[in-house]
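Let me begin by presenting the structure, written as structure tokens, before commenting on it.
The values are calculated or read from the model by the stated rules, or taken from the named source; none is laboratory data. Just so we're clear, the structure is a prediction, and the values are computed from it rather than from any experiment. Reconstructed Cβ throughout: ideal geometry from the backbone, glycine too, with neighbour counts over all protein chains shown. When the accessible area is computed, the model is the full protein with side chains, heavy atoms only, and any ligands, DNA or RNA have been set aside. Shrake-Rupley method; radii C 1.70, N 1.55, O 1.52, S 1.80 Å.
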Amino acid sequence: MAALRIEGCVIVSADGMLADETGEMPQSLKFAGDQHWFESVLDRTDLIIHGRHSFEDQPRSPQRRRIVLTRSVAALAPDPSNPNSTLWNPAGASFEDACEHAGITAGTATVIGGPEVFTMFLDRYDTFWLSLAPHVRLPGGKPAFAGANGRLPQALLADHGLVPAEPRVLEPAEGVTLTAWRRNA
């Protein structure tokens, strides 16, 4: 397979959660600056990867190429609800096979969730874009990475060889920052 860069992209609360106790992303984690940045990432990516409960809900969402992880297929299948989408069961096919099925073998693939999907790529990310909302807490929420056991995403990214760049501020009034975590060369 040609060079495919893998990036991750998520916003989390101060306690490392990407969703509340119901599994939904609450309004308290939605910020205009982060939403604008997120959409710009999706506009430049060649392939979006996510679980069946994750989506980006942007105006151009249906036009974007994507791989949706699901156990509802044995290996790979076209998504009957979206011609730009490939359904992938990692138990039945490799990631490389899924990319070929989706027609994308070079460029950038961006993982947008959920926790199991983010975790699956921990050792493969070239860059992980972590937005942090430091004034939001979601007790009992869903962590960014499966099996985090109370560990913050920053610790897990560091454990997997990613190094943070200087954070940049996306929402000054709310203190929301964005940090690029890059693989150490």
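General observations
- Residue within segment 95-105 that is out of contact with any Pro (no Cβ under 9 Å at 6 or more places or on another chain) and aromatic (F, W, Y) present: yes
- Annotation note: of G113, G107, G141, G175, the sole residue that is farther than 21 Å from D46 by Cβ and within 18 Å of the chain's Cα centre (by Cα) is G141.
- No other residue among P78, P62 is open to solvent by 30 Å² or more (accessible area, probe 1.4 Å), at pLDDT 95 or above and over 24 Å from R124 (Cα atoms) apart from P78.
- Members of segment 83-96 that are closer than 15 Å to R124 by Cβ and not aromatic (F, W, Y): P90, S94, E96
- Which listed residue is surrounded by 15 or more Cβ atoms within 10 Å (Cβ to Cβ) and out of contact with any Phe, Trp or Tyr (no Cβ under 7 Å at 6 or more places or on another chain), from G103, G141, G150, G161: G141
- Filter result for the condition that a residue is of a type outside the set (S, T, N, Q), touching a strand residue (DSSP E or B) at 6+ places or on another chain (Cβ under 8 Å) and open to solvent by 60 Å² or more (accessible area, probe 1.4 Å), over A109, A32: A32
- Selection status of A173, among the aliphatic types (A, V, I, L, M) and under 20 Å from V10 (Cβ atoms): no
- Filtering segment 126-138 to residues that are within 18 Å of the chain's Cα centre (by Cα) and either of a type in the set (D, E, K, R) or within 19 Å of L42 (Cα to Cα) (or both) leaves D126, T127, F128, W129, L130, S131, L132.
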